[in-house]
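Reviewing the structure listed below.
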Amino acid sequence: MTKMMKCAIYNSVQNVTVEERPIPEVKENDVLVKVLRAGICGSDVGIYYHGGENYGVFPGSQFGHEFVGIVVEKGKNVSDDIKLEEKVFVDPVMSQPYGVAGSTMAGAFSEYALVQNAKIGVNLYPLDDDVDLDQAVIIEPMSVGAQGALAFNPKLDDKIVVLGAGPIGLGATAGLLGRGIKNVVVVDRNELRLSKAALLGVKTINTSTENLKDKLIEIFGTYPSYDPIPDVDMYVDAAGAPPLLSEVFNYARNHTKYAIISVFQKVELEGRPFIAAQPIIYGSQGYTHETIVEVIDHILNKKTPIASIMVTHKFKQEDISKALEFAASGQGIKVIIDYEL
């Protein structure tokens, strides 16, 4: 008899059901992971409200990509360094053969997920036996944020502004602090999110009540130019708000760096002054092996309290639709599915 598992299935806009499906077959190079915690990403919310086809998730498909779990079965060719009953983080991009295109269907919202061609340091990362799973589940989103924030290998005295205090922005901020960089300011319009950033020990700016340019000049000083601008070395976009990114493009001074993680729409800029400033722009998607290792070390060794700050709400798998709707409401930061509830 085929063994079954419960899976969250995307059917159509605002139509996600929990159904029974066969547990994936483990082939000779694969590993089966029992999912213990799964995070809800902004892309999962987008799938729910705007349609999965825009995200590579099609009707009748499992989905979800932020998860940690335990190895429960392995194929005969799988290396001995992957151990049964070991807690692991799964890199969803590398867990199946379709890379980024298939990562949104990696199976985080199912009871079991298949990791194909399983290898330590490629798609599986062992975790300590006593790891707090509520904290380990942020490895994936923190890796996204840290990848962008650290791409330019910032110096300890750099002045850095993180746009957005959601999970990616908080992950970027923690990544910077973990490197010993202290001159970090976080910008958002949501006071709950800014209060979480403040717990990391950084200054914050609420653009719904404060003038961004004036506050940045107050904190970092003025860079001499025809029109005084904030003396900022780098901006990290984790807000996904084109007008905000356009605004800080206008603050470019000599060789200002821009790490862009979240904006997917067109962004306008004033060409001539921007060109004159000779800025450097880096588009950041996903993460590298090195970033994942750094983030796991950060969380396990509590370099900042990010892991205890980010997760704000937990739901059962059967309540996945409620969890997605709550995540969209802006009332929390990282909403997760706890399979042990």
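The values are calculated or read from the model by the stated rules, or taken from the named source; none is laboratory data. None of these values were measured; they are calculated from a predicted model. Note: ideal-geometry Cβ built from the backbone for every residue, glycine included; neighbour counts use all protein chains shown. All accessible areas refer to the heavy atoms of the entire protein, side chains included, with ligands and DNA or RNA removed. Shrake-Rupley method; radii C 1.70, N 1.55, O 1.52, S 1.80 Å.
Structure notes:
- Whichever residue in region 175-199 is over 14 Å from Val161 (Cα atoms) and not in a helix (DSSP H, G or I) and, among such residues, is most open to solvent (accessible area, probe 1.4 Å): Arg189
- Candidates are the residues of region 128-139 that are open to solvent by 10 Å² or more (accessible area, probe 1.4 Å) and in contact with an Asp or Glu (Cβ under 9 Å, 6 or more places away or on another chain); the one that is nearest to Ile337 (Cα to Cα) is Asp134.
- Checked against (1) over 26 Å from the mean Cα position of the chain (by Cα); (2) of a type in the set (A, V, I, L, M, F, W, C); (3) at pLDDT 95 or above, Ile296 meets all criteria but (1).
- Only listed residue being open to solvent by 20 Å² or more (accessible area, probe 1.4 Å), hydroxyl-bearing (Ser, Thr, Tyr), more than 22 Å from Thr291 (Cα to Cα) and under 21 Å from the mean Cα position of the chain (by Cα), chosen from Tyr112, Tyr49: Tyr49
- Among (1) buried (at least 19 other Cβ atoms within 10 Å of the Cβ); (2) within 30 Å of Tyr10 (Cα to Cα); (3) among the hydrophobic types (A, V, I, L, M, F, W, C), the one test that Val100 misses: (1)
- Count of region 238-280 residues which are part of a helix (DSSP H, G or I), in contact (Cβ under 8 Å) with a residue 12 or more places away in the chain, within 20 Å of Glu210 (Cα to Cα) and out of contact with any strand residue (DSSP E or B) (no Cβ under 7 Å at 6 or more places or on another chain): 4
- Conditions (1) assigned to a loop (DSSP other than H, G, I, E, B); (2) more than 24 Å from Thr312 (Cα to Cα); (3) open to solvent by less than 10 Å² (accessible area, probe 1.4 Å); (4) touching an Asp or Glu at 6+ places or on another chain (Cβ under 7 Å): number failed by Val57: (4)
- Counting only residues that are at pLDDT 95 or above, farther than 18 Å from Ile9 by Cα and either part of a helix (DSSP H, G or I) or open to solvent by 20 Å² or more (accessible area, probe 1.4 Å) (or both), region 303-325 holds 9 of them.
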